[in-house]
Amino acid sequence: MKAAKLVQHLSEAIEKQGYKIRYEKGNFKGGSCIFEADKLVIMNKRYGDEERAEVLGKALVRMDMDSLFLVPEVRDYVEQFADQPLVTIDLTEQEPPAQ
């Protein structure tokens, strides 16, 4: 399957999970997050289809895919990321260290 078609399938699946996909400029790779009440997948705007497919696949594998229909080729693509470690960044406010 061509990368552009894969991105289309992955994008539709992520949107069915209630996430919005945002394309932004910056020095980052991308991924999924929940910001306040919004479920987002942030994508680097400069990426090509192969890189977009990877970010979307890594985000989708962390979501509940049990009730989600995916074309077998797309499901196989997503499941290759299942064994990769999850990177979590906590951006909640914390008290500064005591001086």
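The values are calculated or read from the model by the stated rules, or taken from the named source; none is laboratory data. Small disclaimer: the values here were computed from a predicted structure and weren't measured. As a convention, Cβ positions derive from the backbone with ideal geometry for all residues, glycine included, and neighbour counts pool all protein chains shown.
Filter segment 1-31 down to the residues that are surrounded by fewer than 20 Cβ atoms within 10 Å (Cβ to Cβ), of a type in the set (G, A, S) and at pLDDT below 90 and list them by number. Those that are surrounded by fewer than 20 Cβ atoms within 10 Å (Cβ to Cβ), of a type in the set (G, A, S) and at pLDDT below 90: G26, G31.
In the set (1) of a type in the set (A, V, I, L, M, F, W, C); (2) in contact (Cβ under 8 Å) with a residue 24 or more places away in the chain; (3) crowded, with 20+ Cβ neighbours inside 10 Å, L70 fails one condition alone, (3). Once segment 20-52 is narrowed to residues that are over 9 Å from the mean Cα position of the chain (by Cα) and hydrophobic (A, V, I, L, M, F, W, C), the residue that is nearest to A4 (Cα to Cα) is F28. Of the residues making up segment 25-70, those that are in a loop (DSSP other than H, G, I, E, B) and of a type outside the set (G, A, S) number 17.
All told, R22 meets the bar of being outside any loop (DSSP other than H, G, I, E, B) and basic (K, R).
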